[in-house]
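Chemist: First the structure, which I've put down as structure tokens, then a few questions once you've had a look.
The values are calculated or read from the model by the stated rules, or taken from the named source; none is laboratory data. Predicted model only: the values in this text are computed from it and were never measured. Quick reminder, even Gly has a Cβ in these numbers, built from the backbone with ideal geometry, and neighbours come from all protein chains shown.
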Ligand SMILES: [Zn+2]
């Protein structure tokens, strides 16, 4: 997107209709943030961070609180995602579902390839254990069959 700066008439009109902030950004363009409901002491409307009646200490404190809330939400989202994609190697289907989930995370950049690599190794071990369990079941069945045959003799 190219930004050519405020365009005199259209910009002023739009600002009045939306009661946009009278503050200016660092690049000189008008701020587009929503304003507080009450006008400032100069009769103009400002967003919270451009408000002339709010001290810089209060603004800094509010920004810190806002950042904390943002970080907390991000953390909660990550935890929710982790919970929904909890490892499950119980069956071939759950393993497949989990590996698909991990693949999506890598594809969207939410999981480092090195972490995915470790998960793949663990999944490989889970598959190996599954194979050993299957082999044991087959052997058990064969032994059972042999002893059944032996008993009938
Ligand atoms: Zn502003």
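Chemist: Go over the candidates 63, 20 one by one and state the one that is within 11 Å of the ligand (Cβ to nearest atom), at pLDDT below 90 and at negative phi.
Modeler: Details: 63 fails: within 11 Å of the ligand (Cβ to nearest atom).
Within the list 63, 20, the selection yields 20.
Chemist: Which condition breaks for residue 114 when tested against (1) in a helix (DSSP H, G or I); (2) surrounded by 10 or more Cβ atoms within 10 Å (Cβ to Cβ)?
Modeler: That leaves (2) as the condition not met.
Chemist: Within the range 86-109, how many residues turn out to be modelled with pLDDT of 90 or more, on the phi < 0 side of the Ramachandran plot and not in a helix (DSSP H, G or I)?
Modeler: The qualifying residues number 1.
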